[in-house]
1. Quick check for me: using +1 on Lys/Arg Cβ and -1 on Asp/Glu Cβ, what's the dipole size of the chain about its Cα centre, in debye to the nearest 20?
2. At q = 0.10, 0.12, 0.15, 0.22 Å⁻¹, what is the base-10 log of I(q)/I(0) for the range 156-278 according to the Debye formula with one equal point scatterer per Cα and no solvent? Please give it to two decimals.
3. Which of PHE100, PHE113, PHE245 moves the most in a Gaussian network model of the chain with Cα springs under 10 Å?
4. What is the extension gain from ILE82 to HIS165, computed as 0.36 nm multiplied by their sequence separation minus the C-alpha to C-alpha distance, in nm to one decimal?
5. Take the alpha carbon gyration tensor of the range 6-147, find the square roots of its eigenvalues, order them as a ≥ b ≥ c, and report rounded if a/c is under 1.5; if not, report prolate when a/b exceeds b/c, else oblate.
6. In the range 14-82, which trypsin sites (Lys or Arg not before Pro) are in a loop and have at most 12 other Cβ atoms within 10 Å, using DSSP for the loop call?
7. Restricting to DSSP loop positions (anything but H, G, I, E, B) with no more than 14 other Cβ atoms inside 10 Å of their own Cβ, which GluC sites (Glu not before Pro) remain in the range 193-283?
8. Using +1 on the beta carbon of Lys and Arg, -1 on that of Asp and Glu, and nothing else charged, what's the dipole of the range 6-147 about the Cα centre, debye to 20?
Amino acid sequence: MADPWDRAYDFAVKVARRAGEEIRKACESEIKVMIKSSAVDLVTKTDERVEKIIISMLKEEFGANTYNFIGEESVANGKPCILTDKPTWIIDPVDGTTNFVHGFPFVAVSIAFAVKKQLEFGVVYSCLEDKMYKARKGKGAFCDNDRLQVSDVKDINKSLIISEHGTDRSPEKVTKIFSTMQRILRIPVHGLRGSGTAATNMCLVACGAVEAFFEIGIHCWDIAAGAVIVTEAGGMLLDVDGGPFDLMSRRMVSANNNTIAQRIIKEIEIFPVERDDAEISKK
Ligand code: IPD
């Protein structure tokens with residue numbers, strides 16, 4: 001029997017490619033930068049335009065009311081960030097906006113699809129590198145036509161780890177982020193990296209280029225597609241306290257295996273962040 005979401009999956013790849021073309025074109029013109037939650041949380045007209053293109057392509061193909069949408073820029077403009085049982089597209093039109101603004105060459109379009117709150121597939125188009133990462137639940141993860149497999153390193157001393165600084169510059173949070181990084185470096189690990197896009201970082205775990213990526217403060221649209229790609233490449237996701245991964249919690253460890261994940265978790269200094277669905281939790 002045909003998989004009910006195969007058409008949506010194939011179409012998501014087309015949409016991501018189209019969105020990536022738009023971002024590449026925008027790199028050639030002047031970029032007008034605006035700010036969101038803080039002076040370092042950047043947004044541009046391209047983020048907004050590309051999200052509109054993605055949502056209108058999906059609505060045109062599947063009907064205006066068939067699916068729910070959680071899009072980074074729609075949420076910033078007041079739309080709810082609610083994951084219900086209804087099939088839902090979770091979209092980050094430009095993951096790595098700061099990179100985009102500075103011409104740092106990692107920018108991704110991230111499109112995921114969830115049904116009954118379970119992620120069915122994810123597409124991450126690293127558009128400046130022209131690499132299409134994708135994964136469908138139960139069917140493996142790919143970069144273009146190459147199947148992805150996480151690394152088999154179990155020894156933390158032989159690992160390469162990714163983390164990011166995020167966009168909150170409150171002194172307590174910055175201190176905790178850097179303290180965690182110091183603790184991990186001192187294990188020691190081979191090194192710490194960061195591409196500036198959470199979606200791409202997760203694809204690097206899936207490729208086996210790094211053993212783990214963790215962050216507190218990311219949003220569901222940054223990591224939803226990458227979550228499917230990492231797990232379909234044989235990796236795993238956990239909360240930063242070692243509990244189950246929760247897409248709306250804004251906390252995540254993605255790793256090649258449990259040994260590496262648990263070793264990283266021992267060093268993470270957790271700080272509080274408001275959930276993506278905080279408004280509903282309060283109701
Ligand atoms: C950001 C990137 C970055 C991560 C931040 C995200 P954006 O997403 O994924 O790597 O550290 O937490 O907010 O704002 O460029 O879509």
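The values are calculated or read from the model by the stated rules, or taken from the named source; none is laboratory data. Values in this document were obtained by computation on a predicted structure and should not be read as measured data. Here the Cβ positions follow ideal geometry from the backbone for every residue, glycine too, while neighbour counts run over all protein chains shown. Keep in mind that these areas ignore ligands, DNA and RNA; they rest on the heavy atoms of the full protein, side chains included. Shrake-Rupley method; radii C 1.70, N 1.55, O 1.52, S 1.80 Å.
1. Charge dipole of the chain: 240 debye, to the nearest 20.
2. Relative scattering, expressed as log10 I(q)/I(0), comes to -0.25, -0.36, -0.58, -1.36.
3. PHE245
4. Values: separation 83, 0.36 × 83 = 29.88 nm, distance 2.57 nm.
Extending this stretch completely gives an extra 27.3 nm.
5. Note, shape of the range 6-147 comes out oblate.
6. Those that pass, being in a loop and sparsely packed, are LYS32.
7. When the GluC sites (Glu not before Pro) of the range 193-283 are filtered for loop state and at most 14 Cβ neighbours within 10 Å, GLU274 remain.
8. 420
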